[in-house]
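The structure appears right after this line, and notes come after that.
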Amino acid sequence: MASDAARPAQHTVFLLRYAERAADRQQHFYGAIDRPADPMPISYFVWLITGPYGPVLVDTGFTTATARRFGRSYVISPRDAVRAAGADPDRLGTVVLSHLHYDHAGGTPGFPAASFVLQDREMEFWTGRHARQVAGGLGMPHLVLPEDVLAVCAANFAGRVRWVDGEAELAPGISVHRVGGHTPGMQVVRVATALGYVVLASDASHFYENIDRGRPFAVLDSVPGALQAFAEVRALASDPSLIIPGHDPAVLGRFPPAGLPGLDGHAVVIG
């Protein structure tokens, strides 16, 4: 359990589901898995941190066009979800990109004033020699989309990327930590709340079951890296109940409804 000594100013976190799809258990675990054909739906979230140093958005989701292209059930655009939670997407100043997979970095152009927080290793990989094969040649051509990487490149040339190598404090009570495992530059966000330190694990653990049972997700950069990421996420959170997986619909039943317009049943709040 992480120490709560000298905890800084407290923040509130909105968990906003913007899309979902039907899936089976066999799609969500590396290696052999029990009951592989059992239904296990997946949800897609962005996370908005509000408080004395907010708002800070974690990830930008994907667009309506991408939802149609890949057959995802779209709930609301991340821009509109952020607006419903009380932040102006056209003025929002800080966006953390946990990694560059399409469902986390596909809505970047929708936040035109933002500075994007990204790990050096993530961008180095997806502009490096193996990016084409990993993104398009291993049976998952949608994993990373060229247009999403190019949008980050454009933001960088405009001076709107904050590069991080490891760990960085974005504001008192909000920090990013590279954990790897899922992708080379996978980063998580630690947030001080009234309940303690919350860790927005994003794809360091897609589902509660991944981290609870030590079973990495099917898509990963390194098996040992994914297992080590579980350990690092646990160490950053004040309590295991404050680890927030990136795609588990069950998270919506573990925290109070946010009561946001247009997001009934799709948004909860922590803190």
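The values are calculated or read from the model by the stated rules, or taken from the named source; none is laboratory data. This one's a predicted model, so the numbers in the text were calculated from it and none came from an experiment. We place every Cβ from the backbone using ideal geometry, glycine too, and count neighbours over all the protein chains shown.
Please work out if Val13 is under 26 Å from Ala135 (Cα atoms), part of a strand (DSSP E or B), within 19 Å of the chain's Cα centre (by Cα) and at pLDDT 95 or above. For Val13, the condition - under 26 Å from Ala135 (Cα atoms), part of a strand (DSSP E or B), within 19 Å of the chain's Cα centre (by Cα) and at pLDDT 95 or above - is not met. Among the residues of the range 236-253, those that are surrounded by fewer than 19 Cβ atoms within 10 Å (Cβ to Cβ) and within 18 Å of the chain's Cα centre (by Cα) comprise Pro240, Ser241, Pro249, Ala250, Leu252.
Name every residue in the range 10-50 that is of a type in the set (A, V, I, L, M) and within 20 Å of Leu220 (Cα to Cα), in order of residue number. Residues satisfying the conditions are Ala23, Ala32, Ile33, Met40, Ile42. Residues in the range 155-177 that are more than 24 Å from His11 (Cα to Cα) and either in contact with an Asp or Glu (Cβ under 9 Å, 6 or more places away or on another chain) or loosely packed, with under 13 Cβ neighbours inside 10 Å (or both): Phe157, Ala158, Gly159, Asp165.
Select from the range 154-180 the residues that are touching a Ser or Thr at 6+ places or on another chain (Cβ under 8 Å) and of a type in the set (Val, Ile, Thr) and list them in ascending order. Matches in the range 154-180: Val161 only. Filtered by the rule that a residue be farther than 20 Å from Ile174 by Cα and part of a strand (DSSP E or B), the range 240-271 gives Pro257, Ala267. Please specify each residue of the range 215-239 satisfying the condition of being polar (S, T, N, Q) and part of a helix (DSSP H, G or I). Within the range 215-239, just Gln228 meets the criteria. Counting the residues of the range 36-55 that are within 30 Å of Arg215 (Cα to Cα) and assigned to a strand (DSSP E or B) gives 9. Are there any pairs with C-beta distances below 6 angstrom linking a residue in the range 52-65 that is touching a residue at least 12 places away in the same chain (Cβ under 8 Å) to a residue that is of a type in the set (D, E, K, R) and assigned to a helix (DSSP H, G or I), with the two at least 6 apart or on different chains, and if so which? Between residues of the range 52-65 that are touching a residue at least 12 places away in the same chain (Cβ under 8 Å) and residues that are of a type in the set (D, E, K, R) and assigned to a helix (DSSP H, G or I), the close pairs are Phe62/Asp103.
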